[in-house]
Amino acid sequence: MEEKSHKWVYITIVVVIVALMVAGVALYRQEKVSKEAQAKAQEFVAALEAEGLPAPTVEEAARMFGTDGGPYVQNLEDELMQAQFAEQLGTAGPAGRPVILDDDFLKAADAFVRVYAADKADVSEFREWLHTLKTGETTN
């Protein structure tokens, strides 16, 4: 009689165990990042509420901005970035009309930069530039 080889069963079990271990490590890292994102989002929401501004939920802010603020805090000192930012706001450009921004917008942008770009060296320059934009009471 021939002996049955259980080699494939053992190989399959080892592969499944290794895959579960890799998945466990990935989920652990994701949870750590998620907690950090939640903490940053909580800080941002608290800063907005301290200014008397409407704020997203902590979950929404964590999902949108993650742990580093996403693309919104990349290259803050770059003049091209500032020009694109101003263009999106409607405050610059050859065909655009100058827009007077609401003071609340600057408060929210300043709170965002303080929370998500606090470790960047160029944050003070960006905050100075941000406060050079023309503002006024534009909403009720």
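Which length gain, in nm to one decimal place, applies between S124 and L106 when the Cα-Cα distance is subtracted from 0.36 nm times their residue separation?
Result for the pair: 5.1 nm of gain on full extension.
Starting from the Cα-Cα distance between Y72 and A50, subtract it from 0.36 nm times their residue separation and give me the gain in nm to one decimal.
Extending this stretch completely gives an extra 5.7 nm.
Label S34 and V18 with points 7 Å out from Cα along Cα→Cβ: what is the distance between them in nm?
2.7 nm
Where a number appears in this text, it was derived from the coordinates with a stated rule and is not lab data. Everything quoted here is computed from the prediction, not taken from an experiment. Every residue, glycine as well, gets a Cβ built from its backbone with ideal geometry; the counts of neighbours run over all protein chains shown.
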